[in-house]
Structure formats: structure tokens, C-alpha cells
Amino acid sequence: MEFDCEGLRRLLGKYKFRDLTVEELKNVNVFFPHFKYSMDTYVFKDSSQKDLLNFTGTIPVMYQPKSVIVGLIKEMIAKFQEELPLYSVPSSDEARQVDLLAYIAKITEGVSGINSKSWANHENKTVNKVTVVGGGELGIACTLAISAKGIADRLVLLDLSEGTKGATMDLEIFNLPNVEISKDLSASAHSKVVIFTVNSLGSSQSYLDVVQSNVDMFRALVPALGHYSQHSVLLIASQPVEIMTYVTWKLSAFPANRVIGIGCNLDSQRLQYIITNVLKAQTSGKEVWVIGEQGEDKVLTWSGQEVMSHTSEVQLSNRAMELLRVKSQRSWSVGLSVADMVDSIVNNKKKVHSVSTLAKGYYDIDSEVFLSLPCILGISGVSEVIKTTLKEDTVSEKLQSSASSIHGLQLQLKL
């Protein structure tokens, strides 16, 4: 029996987290296609009436539907009728966030517990699934770059804008292989990487207001997307990248190694190319990185063993940075850089990238801020931060200054 997603959505139209319920029942339908549902009105002892979802069908005794599915869905409905949606709970109320996440996790575990081996096979049918959040220029650029490199078996572009935009419409018209365009957050389920490219287009005048507008938008997106892809790496390209990476980390409750920002990766790759191919320096260029904060306050540093005299290193660095400063960061170039990072993650390449990661504990930074540092990327995100060993006093001073500035702005945000 074909599963009627839209019919079930209509039945659950007034309930919060209806998309979550539909997604889980689609999973049940894979194993038990004769499982039927209906909506009935029940009268309770206090004379109140509520519509509840019922299920009927012949299924194995070991499945125990009453204790696993029916009970949990009734419990979920009751819970979310008395509680705010997860994304509406402020991050400061961590106890309520954890409580709600536990209820959601129980539902997922109940479904996956049906047949763990079969469910694992079902999840792995699309081995490398990637989701791009945002249908603007950067989102389109990331989608095209990832598609061109053939990284993903399935690539989902979540276009959250109102109406029809030209770029996403063209993608639908010309039908790129393995690319799905959707406005439904549940389409992102089981992604290995979720890339955030969205930025608020509010009319606020102050910088703080603009950043807060982005935070408000992320509050509605991050918990839901984090739930649908609980084992994913969250890659942030939204601006300002250091702050939005921190915001995503706080809202998702993911471990810090699985929340990273694009940081200074593009600058680092350009700098390495300039040193090796433009200036023809007698070094591979792989020992030099752009780290710290995106923009004018970024820092150039060398890692590994010393390959030239200090004077030569300084002269080379200055010449390379002069050439780098005239290079702008267009959407397509950022998209190519993002695709390279995604390749390292989904294919577990253990390649070094300069990405925004939790910098607390490095360079005597004692606040929770994200700054670009050379990191080894793999399937679990950041597996190791590469420590730069040369001229650390100057580097530390600059990074601490950036950390202090970023932390000061974070304290003014309402999460």
C-alpha cells in the first residue's frame, strides 16, 4: 500500500512537529506497508475532546506497537501540546531543551529498533547525502560545485525563500542528476553534511541588529535540521561565520568537532597557491595558513618545521598577503572551497583545512569562541587541530584580540 504523506499531513495539520511524525511513519511503512492509520476523536474524563492518531494492521508480536509507536506518538502529541516547540525554547533553558530532545530521540530509537540491521541498510542506501540550506547565490554555488565534483549520491537544496527564485527554478528545469530542491526540512534527513548558507535580509541598521536577525532565523532552523541528521557535520557559511558557527553549536547541542565554519579555508588555499605557483618560492606552500578571524584581522602563520630563514619568511609572507588582499570572495569561489571541505568530510580524507573551530584552550584563549585554525577534517568533522609552532607570541596576541572582540558581541546576542 502506497504511503499517503500528504493525507497524513492534512490529518496532523494542527499539530506541532507533524513533519517529524510523517517522516518516522514513512520509515515504519518501509517495513510494514499494510500498517494503516486513522484520526479519531476521544472524549476524556474531564469532558474534553482530542483527536488522536490510531494505527491498525497485522504485524509481528516482537514489534510491540502499543509500547513503541502508538504510545510514543500519543506521548509526543501530549508533550508538544503542553510545551513550546524545541526551537522556541531559549538556549539558556538547557534542561527543557535536553528534555524535549530526549522525547524526540525516543521516537527515532523506537523506529530504528524494529530491525536494527535492516534499518542500517535502509539508511545507507544513499551513502553520501549532503544538504545545502539556502537558495541564494551562495547556496546555488555550493550546490553546483558539490554536484560537479560528484561528491554526493544525493544532494538536497533547501530553498526557504517565498515564491519562486530564478536560480532554483533553473535547477529544477534543467534537472541536475541527484539534486533535489525542497522547502521541507525533513528532506534533509540522514545527511552526512548540512551546509548553512542562509543570511537574513532584514532592514536593520546596526551591525548587532543584523547579526541578531540571523540568530533568530537560525533558532527556527538548527534544532530541526540537527534532529533530522543527528550524526551529521554542520558546516556554516553564513556571515559573520565565527559568530554563526558559535550560534549553531549552541542551538544544535552537537559536539564542537561536528560544528565548523568555512573560516579562512579559501584564503589559505589561495595563499598556498600564490606562494608556490605565483611567487615560485622554494617551499611547498603547505606550511603556511591563514588563521583567526575572517576579514582584515586574519593572521598568517607557518606550521611544521622551519623551511627558510625568518627574514625570508617575513618577506615572502608580506608579498603573498599583498597579492591575496586584492582577491575578492565571490559566491562561486566560496562554493568551490566549500565543496572541497565537504569532499574531505564525506570521504574521510583526513585533509588539513583552516576552518572555524572552537578555539577555547588554544593560544591561551579562555572564552567560547570559534576561530579559524588548521584542522584535520574527516567523517566526524574536526579530528585534530594542527598546532603552529613558530613565532607563537605574535600569533597568540592577535588571536586573543579577535577572540575578545567576538566574545563581546556574542554576549549581546539573544539566543
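The values are calculated or read from the model by the stated rules, or taken from the named source; none is laboratory data. The model shown is predicted, which means the values in this text are computed figures rather than measured ones. All Cβ positions, even for glycine, are placed from backbone atoms using ideal geometry, and neighbour counts span all protein chains on display. Keep in mind that these areas ignore ligands, DNA and RNA; they rest on the heavy atoms of the full protein, side chains included. Shrake-Rupley method; radii C 1.70, N 1.55, O 1.52, S 1.80 Å.
This table checks each residue for (1) at pLDDT 90 or above; (2) part of a strand (DSSP E or B); (3) open to solvent by less than 40 Å² (accessible area, probe 1.4 Å).
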| position | (1), (2), (3) |
| --- | --- |
| Val111 | no, no, yes |
| Lys125 | no, no, no |
| Ala145 | yes, no, yes |
| Leu157 | yes, yes, yes |
| Glu180 | yes, yes, no |
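The numbered conditions (1) surrounded by 15 or more Cβ atoms within 10 Å (Cβ to Cβ); (2) hydroxyl-bearing (Ser, Thr, Tyr); (3) modelled with pLDDT of 95 or more are all true for Ser396 except (3). Here is the figure for segment 374-409: residues that are touching a Lys or Arg at 6+ places or on another chain (Cβ under 9 Å), under 26 Å from Gln230 (Cβ atoms) and not small (Gly, Ala, Ser) total 5.
Within this structure, Ala187 fails the test of being closer than 22 Å to Arg154 by Cα and either open to solvent by 20 Å² or more (accessible area, probe 1.4 Å) or outside any helix (DSSP H, G or I) (or both). Contact map, segment 270-295: first residue more than 29 Å from Val369 (Cα to Cα), second residue part of a helix (DSSP H, G or I) and modelled with pLDDT of 75 or more, Cβ cut-off under 7 Å, separation 6 or more or different chains; pairs are Ala281/Ile275; Thr283/Ile275; Ser284/Thr276.
Per-residue answers, yes or no, for (1) assigned by the TED database to the domain that holds Val233; (2) touching an Asp or Glu at 6+ places or on another chain (Cβ under 9 Å); (3) assigned to a strand (DSSP E or B):
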position: Ser344; (1), (2), (3): no, no, no
position: Asp364; (1), (2), (3): no, no, no
position: Ser367; (1), (2), (3): no, no, no
position: Cys375; (1), (2), (3): no, yes, yes
position: Ser383; (1), (2), (3): no, no, yes
position: Lys387; (1), (2), (3): no, no, no
position: Ser405; (1), (2), (3): no, yes, no
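Kindly check whether there is at least one residue in segment 215-222 that is in contact with a Phe, Trp or Tyr (Cβ under 7 Å, 6 or more places away or on another chain) and open to solvent by 30 Å² or more (accessible area, probe 1.4 Å). Yes, segment 215-222 has at least one match. If you take the residues of segment 318-345 that are under 19 Å from the mean Cα position of the chain (by Cα), open to solvent by less than 10 Å² (accessible area, probe 1.4 Å) and not polar (S, T, N, Q), which of them is modelled with the lowest pLDDT? Ranking the candidates gives Gly335 first. In the set (1) assigned to a strand (DSSP E or B); (2) touching a Ser or Thr at 6+ places or on another chain (Cβ under 6 Å), the condition left unmet by His353 is number (2). When segment 128-139 is filtered for residues that are open to solvent by 20 Å² or more (accessible area, probe 1.4 Å) and touching a Gly at 6+ places or on another chain (Cβ under 8 Å), only Leu138 remains.
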